Amino acid sequence: MATGVRPGETGSLKIQVIRSVVICCLVMLAVGSVGYYFSQAYVLKQAEKNITNLLLSHKGIHHYVQNTMLPAYKKYQDAGEIPSTFYAPELLSSSYIVRVQHIFYNEERQAAGLPPLYYKLAANNPRNPVNKADDLEKKLIEMFNEHREMKSYRDIIEVNGKKNLYIAIPFLENQARCMRCHGKREDAPKELQARYPGQGGFNEKLGEIRAITSIRSPLDREYTDIAIIVAVVFTGVLTLGIFFFFNGQLRSMVKQRTVALEEEIEVRIQAEEALKQVNNELTAKNKDLEQILYVASHDLRSPLVNVQGFSKELSRDFGDLCATLNGEAVPPALRDQLTPLLEEEIPQSLNFILNSVTKMDQLLSGLLRISRLGRAALTITDIDMNALMSQVVADHEYLLQEHNIALDLLPLPQCRGDQVQIDQIFTNLLGNAIKFRHPDRPCRIKISGEVTGDSAVYCVEDNGIGIAPEHQDKVFEIFHKLSPEIEGQGLGLNIVRKILDRLGGRVWIESAAGQYSRFFVALPRTKTRQS
Amino acid sequence: MNSEVVILIAEDDEGHAMLIRKNLVRAKIANPIIHFKDGQEVLDFLYQRSKPGRVPGAAYMLLLDIRMPRVDGVEVLRQIKQDPNLSKMPVTMLTTTDDPKEVANCHELGCNNYITKPIEYDKFVKTVEQLGLFFSVVTVPHLNGG
């Protein structure tokens with residue numbers, strides 16, 4: 001089964017991806033916006049607090065001037081210690097004092113590495129033109145006068161391309177004592193009148209808020225902070241989003257695979273069941289066949305014994321008959337009639353019968369061997385092939401010497417199987433190698449083996465008469481003899497194959513007619529480590 | 001061989017029985033021969049259930065085929081060897097099977113020897129002749145009375 005996505009699902013996968021991306025973007029947008037808003041609010045609130053503190057501090061100074069300094073001035077004036085014409089803004093004007101104080105304040109800020117804060121006390125009709133209210137400030141003065149409950153105004157404004165936090169609070173309401181300097185021109189101290197020509201700062205109304213103090217603070221740092229916070233939150237959410245996305249992907253992939261695997265398991269289980277059934281049927285059929293084979297071979301033997309036995313009796317008796325007739329005086333005419341019968345016909349018939357019976361016996365013996373093969377119990381052990389093969393070679397020692405055969409036995413790997421059956425295999429193969437040697441050259445046989453994967457593969461090689469490709473399958477057939485003139489039942493290779501079927505091995509041939517043959521036998525390799 | 005010994009042949013196939021007889025004769029064994037066609041007949045004879053039956057005190061030896069109808073050779077062997085009166089009788093199993101399991105079984109039950117009828121006729125003849133010689137060498141014990 002192909003891994004990953006099945007055909008027909010790539011489409012929905014794409015949709016899934018797109019959907020997830022869209023959702024992710026929306027979520028990030030929402031979170032980003034919310035994060036931006038909230039972090040901005042927080043950060044600005046902090047900045048605002050600082051500025052408000054400052055403004056309130058300023059207001060405190062204003063209060064001091066109005067409530068402490070001016071009454072003291074009046075008192076000393078009344079006491080005659082200060083001339084009534086005396087006026088000095090450095091000593092008496094709260095706006096002057098605060099303005100200059102603020103300049104010192106900024107100088108101190110810069111010395112401490114902090115950015116300066118812009119300050120303005122704005123009025124519609126200022127004494128000092130520098131305090132003239134601009135459009136925004138005019139509006140604010142109006143607003144504070146209309147809405148006495150409003151105590152501050154806050155906004156973010158852009159100045160010279162930079163964002164600033166702008167906070168304004170209403171100045172003091174005009175009190176009676178303020179009227180001296182801020183009422184009619186004629187009422188003000190002479191020195192003040194001399195100092196400030198014009199109507200600026202005069203004609204104020206009682207109870208009105210004549211000015212606002214405002215501070216403007218640059219927000220670079222704050223916005224940097226906001227940016228960082230938002231970026232962090234953003235990244236966090238993005239990461240989470242990606243995580244969840246992939247998590248979801250993984251889950252669905254795992255689910256798909258699991259379902260697929262479960263289905264596959266189901267199919268496999270069913271296949272196994274079917275296989276088991278077929279196996280059982282086969283085993284039963286096999287048993288049947290073997291039984292038939294056994295009984296048939298056995299029961300055929302009995303009459304065979306008789307045929308052969310009585311044929312030989314016939315032979316013997318016929319011999320006696322011939323001897324008797326030869327000794328007797330038989331009329332020549334009769335003898336002439338009898339001779340072909342006695343010397344050709346009858347012996348010939350007897351010969352054919354006897355030969356055929358011998359053949360039948362051999363076939364039956366072969367069949368019986370085969371049937372016994374299937375019934376024999378197997379004892380599976382680790383086999384020391386070097387020892388086994390040496391034994392097989394030793395068993396053929398006489399033949400090897402008689403025909404001057406050079407046999408090369410190489411070191412062999414171990415295998416797993418039934419000792420007796422494997423002995424049978426190589427007895428047959430070695431026997432064949434000897435039997436089917438080439439008449440024109442000395443016979444050479446080589447036995448070797450090696451481990452290949454899970455199998456131990458052995459090779460019996462000879463330089464004999466070989467087997468043509470079209471015959472290489474047939475030689476394994478029962479009773480098949482390629483070379484009828486060479487003695488044997490035609491069973492050897494059939495038995496080899498049957499044994500290997502039982503042991504879980506294989507046999508195959510490499511051969512060239514007239515040149516050589518190699519018989520390969522593969523057996524399960526031994527599980528224990530080979531020394 | 002003691003000419004008294006009676007040779008009992010239990011063999012269902014007439015041809016085989018005939019061949020055995022002929023070869024015994026050829027081997028110059030002239031002892032009386034009684035032929036039984038199956039295990040039941042042999043047992044009836046030995047247990048004197050039939051007429052004529054075993055003569056108490058006489059010497060017998062048995063050539064016993066394994067595959068026979070009604071009662072087969074293995075069963076006959078078993079009964080003989082379990083009976084104290086009969087267990088001393090020499091029994092030779094004759095058969096066409098060379099299944100090692102059967103051979104072991106028979107030896108375990110106590111047969112004296114076991115011969116596969118070789119189809120190789122000459123061998124068969126030799127084997128029976130050897131049997132004949134065996135008979136002539138061994139003094140067959142007289143069976144218990146009763």
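The values are calculated or read from the model by the stated rules, or taken from the named source; none is laboratory data. Remember, predicted model here, so these are calculated numbers, not experimental data. Positions of Cβ are generated from backbone atoms using ideal geometry, with glycine treated the same way; all protein chains shown enter the neighbour counts. For the accessible areas, the whole protein counts, side chains as well, though only heavy atoms, and no ligand, DNA or RNA atoms are used. Shrake-Rupley method; radii C 1.70, N 1.55, O 1.52, S 1.80 Å.
I'd like the residue in segment A:181-218 that is more than 24 Å from A:Y119 (Cα to Cα) and in a helix (DSSP H, G or I) and, out of all such residues, is least open to solvent (accessible area, probe 1.4 Å).
Among those residues, the one meeting the criterion is A:L192.
Can you say whether A:R221 is part of a helix (DSSP H, G or I), open to solvent by 60 Å² or more (accessible area, probe 1.4 Å) and at pLDDT 85 or above, as far as the supplied structure shows?
no
For the list (1) within 14 Å of chain A (Cβ to nearest Cβ); (2) within 24 Å of A:D299 (Cβ to Cβ), I need the number of the one condition that B:V76 fails.
Condition not satisfied by B:V76: (1).
Out of all the residues in segment A:455-495, which are open to solvent by 40 Å² or more (accessible area, probe 1.4 Å), out of contact with any Lys or Arg (no Cβ under 9 Å at 6 or more places or on another chain) and closer than 14 Å to A:N432 by Cβ?
The answer is A:H471, A:K481.
Among (1) over 30 Å from A:L26 (Cβ atoms); (2) open to solvent by less than 70 Å² (accessible area, probe 1.4 Å), which single condition is A:G248 missing?
(1)
Residues being open to solvent by less than 70 Å² (accessible area, probe 1.4 Å) and not hydroxyl-bearing (S, T, Y): count how many of those fall in segment A:28-39.
Going through segment A:28-39 one residue at a time, the tally reaches 5.
State all residues of segment B:85-114 that are open to solvent by 30 Å² or more (accessible area, probe 1.4 Å), within 14 Å of chain A (Cβ to nearest Cβ) and at pLDDT 70 or above; if no residue qualifies, say none.
If the condition is that a residue be open to solvent by 30 Å² or more (accessible area, probe 1.4 Å), within 14 Å of chain A (Cβ to nearest Cβ) and at pLDDT 70 or above, then B:P100, B:K101, B:E102, B:V103, B:A104 are the ones that fit.
Which of the residues belonging to segment A:100-149 are β-branched (V, I, T) and either surrounded by fewer than 15 Cβ atoms within 10 Å (Cβ to Cβ) or under 19 Å from A:P218 (Cα atoms) (or both)?
Across segment A:100-149, the qualifying residues are A:V100, A:I103, A:V130.
Give the residues of segment A:451-492 that are among the hydrophobic types (A, V, I, L, M, F, W, C) and either part of a loop (DSSP other than H, G, I, E, B) or over 48 Å from the mean Cα position of the chain (by Cα) (or both), sorted by residue number.
Answer for segment A:451-492, where residues must be among the hydrophobic types (A, V, I, L, M, F, W, C) and either part of a loop (DSSP other than H, G, I, E, B) or over 48 Å from the mean Cα position of the chain (by Cα) (or both): A:I465, A:I467, A:A468, A:V475, A:F476, A:I478, A:F479, A:L482, A:I486, A:L491.
Could you count how many residues in segment A:170-180 are under 19 Å from A:A133 (Cβ atoms) and touching a residue at least 40 places away in the same chain (Cβ under 8 Å)?
Matching residues across segment A:170-180 total 4.
Of everything in segment B:13-32 that's away from chain A (no Cβ under 14 Å) and open to solvent by 30 Å² or more (accessible area, probe 1.4 Å), which residue is modelled with the highest pLDDT?
Per the criteria, the residue is B:P32.
When the residues of segment A:308-347 are filtered to those that are open to solvent by 50 Å² or more (accessible area, probe 1.4 Å) and within 13 Å of chain B (Cβ to nearest Cβ), which remaining residue is nearest to the chain's Cα centre (by Cα)?
Of everything passing the filter in segment A:308-347, A:F310 is nearest to the chain's Cα centre (by Cα).
Would you mind telling me which numbered condition in (1) touching a Ser or Thr at 6+ places or on another chain (Cβ under 7 Å); (2) modelled with pLDDT under 85; (3) away from chain B (no Cβ under 14 Å) A:D382 fails?
(2)
Among the residues of segment A:292-307, is any among the aliphatic types (A, V, I, L, M), farther than 22 Å from B:D13 by Cβ and more than 14 Å from chain B (Cβ to nearest Cβ)?
no
Do we have A:T452 as surrounded by fewer than 20 Cβ atoms within 10 Å (Cβ to Cβ), in contact with an Asp or Glu (Cβ under 7 Å, 6 or more places away or on another chain) and not aliphatic (A, V, I, L, M) here?
In short, no.
I'm trying to understand the selection: among the residues of segment A:157-179, which are surrounded by 15 or more Cβ atoms within 10 Å (Cβ to Cβ), modelled with pLDDT under 80 and more than 30 Å from A:L44 (Cβ to Cβ)?
Correct list: A:C178 only.
What are the residues in segment A:58-92 that are polar (S, T, N, Q), within 23 Å of A:I212 (Cβ to Cβ) and open to solvent by 60 Å² or more (accessible area, probe 1.4 Å), if any?
Within segment A:58-92, A:N67, A:T68 qualify.
Mind listing whichever residues of segment A:224-244 are among the hydrophobic types (A, V, I, L, M, F, W, C), surrounded by fewer than 18 Cβ atoms within 10 Å (Cβ to Cβ), under 14 Å from A:L44 (Cα atoms) and touching a residue at least 60 places away in the same chain (Cβ under 8 Å)?
A:I229
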